[in-house]
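See structure below.
Here, each number is a calculation from the coordinates, and none is a lab measurement. Because the structure is predicted, anything quoted here is derived from the model rather than measured. Note that we place each Cβ from the backbone using ideal geometry, even for glycine, and neighbour counts take in every protein chain shown.
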């Protein structure tokens, strides 16, 4: 489902994807009789979209109301990959980015295929963004 796009945008989209519905499996199984809870879980996942450009990571969420979060790549400080057993069976994992952004300290990308490749793609573009902006990462104890 992952797509690497080569379109001519002002800020070119390098990668675009959505979380896998597999992440809702237990909700579908445990709450099937309620209909509403599985439907909301499905729609919430269905209307979540991740986009990576050369400058920012954009996360769009929302069923009726839409929330768009943008994280400047030069603000990304660290990367973590989480692969719960059930998701690992399907080749999926979560990517957690630690940033220096005060509003989005942790950015989580859920249930992604080829999560290591995506982490490397983001990491490479973080380094390019830092060089382009002249940003250096410093930690103060």
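What the table below lists for this structure:
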read-out	value
Residue within region 20-29 that is closer than 18 Å to residue 117 by Cα, touching a residue at least 12 places away in the same chain (Cβ under 8 Å), within 12 Å of the chain's Cα centre (by Cα) and surrounded by 14 or more Cβ atoms within 10 Å (Cβ to Cβ) present	yes
Scan of region 76-106 for residues that are within 13 Å of the chain's Cα centre (by Cα), assigned to a strand (DSSP E or B) and surrounded by fewer than 19 Cβ atoms within 10 Å (Cβ to Cβ), ordered by number	79, 80, 81, 82, 94, 96, 98, 106
Residue in region 107-138 that is nearest to residue 61 (Cα to Cα), counting only those that are assigned to a loop (DSSP other than H, G, I, E, B) and touching a residue at least 12 places away in the same chain (Cβ under 8 Å)	114
Scope region 48-72; condition surrounded by fewer than 17 Cβ atoms within 10 Å (Cβ to Cβ), touching a helix residue (DSSP H, G or I) at 6+ places or on another chain (Cβ under 9 Å) and either at positive phi or assigned to a loop (DSSP other than H, G, I, E, B) (or both); matching residues	54, 62, 63
